[in-house]
Amino acid sequence: MSSLTFKPVTLCDKAWVDPIVMAENSPSADYNFGNMYIWDKTYRQLICRFENRMMTRFDYDGETAFVFPIGSGPLVPAIDALRAFCAEKGIPFVMLGITEKHVGELDALYPGCFTFEKGADYADYVYSAEKLATYAGKALHGKKNHCNRFEAEHDWDFLPLTRELIPGCLDMLNVWSEENADRLDSSIVEEYDAIIRAFAAYEKLGLEGGVLRSSGEILGFSLGEMASPDTFNVHFEKAEIDINGAYPMVCRELTRMVMQNHPDLRYINREDDMGLESLRKSKLSYKPEFLLEKYLARWTA
């Protein structure tokens, strides 16, 4: 009989999940409690605590898959528990979102037992917080110019996202969704639902965000959470696409705000590009420090 009992994600789980996420100390966007909760309608992840690690189970292309058992303490008992669970259920043992660090750990503990496939379109774009906060240097000169123009043309401010500002952000989101529906795929509906869940539980999830305004009108917002002690994970960023400099301003100002809140911050994870060429082009234009590649690990022993 398996010792693992998986259950749906609830807000009550945050208390035990957060310390495990911080102990993993990974810049990956895949493990944060907020991400699991706000995307629950789409991915329906099930979780289970195993010693000082978190097991995560979900459906992927019609088959059961797992996330790497993040946390601290011996890894072998956790992997063996997942293997036993899969054997009992008669299903293949597959893990997604495996980082290169995890590949090394699994290869060392189970040499030749896993095959690894790089996941297309799932790499996280990770940036220097200092560079996003200043747009210093030749590579980001264009972003700096856009911000300079915006600042010259607008009576603007950037405020911490609070409950009082959420209705205005929702109004802006509704207009943004209508105006951009033609250029985006069906994932826009799933993202919209995730943003609604994030706003609904904003305080309980401990999310941090900011709102860009011009003469009191909301032009953009962004929000996320700490992924590790030195990395902030941006879940969503929306701005008026027709207003020059709005997107670079939201990115810069949120980064500055988060750096003030977290003095040890070094990196900003702006997540993957979902395989969308326009999103890939945008994320590359901010010059990531590195791409955090993800792999699929399949037990073949």
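Per the Cα gyration tensor, region 1-135 maps to an equivalent ellipsoid with semi-axes of 25, 19, 16 Å, ordered largest to smallest. Solvent-accessible surface (1.4 Å probe) assigned to D264 amounts to roughly 120 Å².
Accessible surface of W176, taken over heavy atoms with a 1.4 Å probe and every protein chain present, rounds to 10 Å². Per residue, the chain reaches -12000 deg cm²/dmol at 222 nm when only DSSP H runs of four or more residues are counted, each adding -39500 (n - 2.57).
Along each principal axis, taking the top coordinate minus the bottom one, the Cα set of region 2-69 gives 31, 28, 22 Å in descending order. Taking a ≥ b ≥ c as the square roots of the Cα gyration tensor eigenvalues, region 187-260 comes out oblate, since a/c reaches at least 1.5 and a/b does not exceed b/c. For a test of the definition: using alpha carbon positions, the gyration tensor, and the 1.5 limit on a/c, classify region 154-212 as rounded, prolate or oblate. Oblate, since a/c reaches 1.5 and b/c is not below a/b.
Loop-located trypsin sites (Lys or Arg not before Pro) across region 38-87 with a Cβ neighbour count of 14 or fewer within 10 Å are R44, with loop assigned by DSSP. Here K281 sits with roughly 150 square angstrom of accessible surface, probe radius 1.4 Å.
Accessible surface of the chain, 1.4 Å probe: 52 percent of it comes from carbon and sulfur atoms.
Overall form of region 144-288: rounded. Here a/c, set by the Cα gyration tensor axes a ≥ b ≥ c, is under 1.5.
Computed over protein heavy atoms with a 1.4 Å probe, the accessible surface of the chain works out to 46 Å² per residue. Would you check region 189-301 for Lys pairs whose C-alpha atoms are within less than 21 Å, ignoring same-chain pairs closer than 8 in sequence, and give me the count? Pairs that pass both the separation and distance tests number 5.
Pairs of alpha carbons in the chain separated by more than 27 Å make up 43% of all such pairs. The dipole here belongs to the chain: it is taken about the Cα centre, uses +1 on the Cβ of Lys and Arg and -1 on the Cβ of Asp and Glu, and is about 580 debye. Using the Stokes-Einstein relation with a Kirkwood hydrodynamic radius computed over Cα pairs, the translational diffusion coefficient of region 97-188 at 37 °C and a viscosity of 0.692 mPa s comes to 177 µm²/s.
The values are calculated or read from the model by the stated rules, or taken from the named source; none is laboratory data. Everything quoted here is computed from the prediction, not taken from an experiment. Glycine also receives a Cβ, built like all others from the backbone with ideal geometry; neighbour counts cover every protein chain displayed. Just so you know, the surface numbers come from the protein's heavy atoms only, side chains and all, with ligands and any DNA or RNA stripped out. Shrake-Rupley method; radii C 1.70, N 1.55, O 1.52, S 1.80 Å.
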